[in-house]
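Chemist: Please see the structure below; I have some questions.
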Amino acid sequence: MRRSMLFLPGNNPNMMINGADLGADSIILDLEDAVSPDEKDTARFLVRSAIADMGFAGVEITVRINSIDTAYWKQDLEAIIPLRPDLIMIPKSGTANDILTVDKYIEGIEERCGMERGVVRLIPLIETALGVENAYAIASACPRVAAIFLGGEDLTADLRCKRTKAGNEIDYARKRLVVAARAAGVDVYDTPFTDVNDDEGIVTDAEYAKSLGFTGKSAIAPRHVKAINAVFSPTMKDIEYAKMVFEAIRRGKEQGKGAVSLLGKMIDKPIVERARQTLEAAKALGLEVEIDE
């Protein structure tokens, strides 16, 4: 279950060494924004070594490569793909063709290395006005796409507006990406909350993202991970209610009822689906639950 994604600079070995112990479901080893041009080669070597030597057991590995309008992205993929990271994050994803370009290049590396095609998935980072407008095309560009991801900082720069804590300036983009991702059948992740010292603000921001339908949220500060995981995990109350839904359905079938109610409310298909999602999330977190209609 991927609730939280934590960015770690690819040129900071001390942070990467502790990556598996920071509580995030996925760590994003960053070769792009966190790394200056004169450190790209060093960061690539450090990230490759970290993946090869440390393994990061129990944590999903995502690598943010440089964008395809730079001279670095192919070198990034050549170094990283043979190590089989879980995901490659593509920054500045603006069109479906951007995704297909990376997909084709990765396919070539997989073939040369004798790897199964598609073993490394993609997570396009949408952080421009063009990317927002093409969100569905990007999300559905190819089977390798596992999720899409909103980048609020670069997006607001592209929109020529101020980035704020309230986030009103990215509200349309957030909603647009959620709809596009769900229509394409992939996950969707929210932009980081950038005030690393605001422990209440991260909870509020994560709760709002969840209310919109985001699968999870990213972080640039390890201290935000715990709050994100808590918000995007089902509560015991949620789990108990989900169990009650399926129990009510079971009893209704035993009694030959065509319609079933619970706590005075009819149980329709959306309620059942939400209950299923809750129990699947609980199961992914290691809780013993049964999903039985």
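Chemist: Filter the range 99-111 down to the residues that are more than 19 Å from the chain's Cα centre (by Cα) and not aliphatic (A, V, I, L, M) and list them by number.
Modeler: Selection gives Thr101, Lys104, Tyr105, Glu107, Gly108, Glu110, Glu111.
Chemist: Among Ala259, Ala248, which is the only one that is among the aliphatic types (A, V, I, L, M), part of a helix (DSSP H, G or I), at pLDDT below 80 and farther than 30 Å from Pro192 by Cβ?
Modeler: Criteria check complete, one pass: Ala248.
Chemist: Here is a follow-up. Give the residues of the range 173-191 that are within 12 Å of Ala135 (Cα to Cα) and not aliphatic (A, V, I, L, M), sorted by residue number.
Modeler: Hits for the range 173-191 are Arg174, Lys175, Arg176, Arg182.
Chemist: Select from the range 11-31 the residues that are among the small types (Gly, Ala, Ser) and in contact with a Lys or Arg (Cβ under 7 Å, 6 or more places away or on another chain) and write down the one among them that is modelled with the lowest pLDDT.
Modeler: So the residue we want is Gly23.
Chemist: Let me ask you something else. Looking only at residues that are small (Gly, Ala, Ser) and in contact (Cβ under 8 Å) with a residue 40 or more places away in the chain in the range 11-47, which one is farthest from Trp73 (Cα to Cα)?
Modeler: The residue in question is Gly23.
Chemist: Could you list, in sequence order, all residues of the range 66-118 that are buried (at least 19 other Cβ atoms within 10 Å of the Cβ), touching a residue at least 60 places away in the same chain (Cβ under 8 Å) and in a loop (DSSP other than H, G, I, E, B)?
Modeler: Of everything in the range 66-118, those that are buried (at least 19 other Cβ atoms within 10 Å of the Cβ), touching a residue at least 60 places away in the same chain (Cβ under 8 Å) and in a loop (DSSP other than H, G, I, E, B) turn out to be Pro91, Lys92.
Chemist: Related question: Counting only residues that are assigned to a helix (DSSP H, G or I) and touching a Gly at 6+ places or on another chain (Cβ under 7 Å), how many does the range 229-242 have?
Modeler: 1
Chemist: Taking the conditions exactly as written (surrounded by fewer than 20 Cβ atoms within 10 Å (Cβ to Cβ), hydroxyl-bearing (Ser, Thr, Tyr) and in contact (Cβ under 8 Å) with a residue 40 or more places away in the chain), does Tyr189 satisfy them or not?
Modeler: no
Chemist: Could you tell me how many of the residues in the range 127-153 are touching a residue at least 40 places away in the same chain (Cβ under 8 Å), touching a Lys or Arg at 6+ places or on another chain (Cβ under 9 Å) and β-branched (Val, Ile, Thr)?
Modeler: 2
Chemist: Have a look at Ile271, Ile291 and point out the one that is modelled with pLDDT under 80, more than 26 Å from Leu22 (Cβ to Cβ), touching a Leu at 6+ places or on another chain (Cβ under 9 Å) and surrounded by 14 or more Cβ atoms within 10 Å (Cβ to Cβ).
Modeler: Ile291
Chemist: Please give the number of the condition Ile27 fails out of (1) assigned to a helix (DSSP H, G or I); (2) surrounded by 23 or more Cβ atoms within 10 Å (Cβ to Cβ); (3) touching a Phe, Trp or Tyr at 6+ places or on another chain (Cβ under 8 Å).
Modeler: (1)
Chemist: Taking Phe45 as meeting all but one of (1) at pLDDT 95 or above; (2) within 27 Å of Ala157 (Cα to Cα), write down the number of the exception.
Modeler: (2)
Chemist: Restricting attention to the range 10-34, report how many residues are touching a Pro at 6+ places or on another chain (Cβ under 7 Å) and farther than 25 Å from Lys226 by Cβ.
Modeler: Residues meeting the conditions: 1.
Chemist: Also: I'd like to check something: does the range 245-259 contain any residue that is among the aromatic types (Phe, Trp, Tyr) and out of contact with any Asp or Glu (no Cβ under 9 Å at 6 or more places or on another chain)?
Modeler: no
Chemist: Now a separate question. For the range 213-228, enumerate the residues that are out of contact with any Pro (no Cβ under 9 Å at 6 or more places or on another chain) and in a helix (DSSP H, G or I).
Modeler: Matches in the range 213-228: Pro222, Arg223, Val225, Lys226, Ala227, Ile228.
The values are calculated or read from the model by the stated rules, or taken from the named source; none is laboratory data. A quick note: this is a predicted structure, and the numbers were derived from the prediction, not measured. Methodologically, a virtual Cβ is constructed for each residue, glycine included, from the backbone with ideal geometry; neighbour enumeration extends over all protein chains shown.
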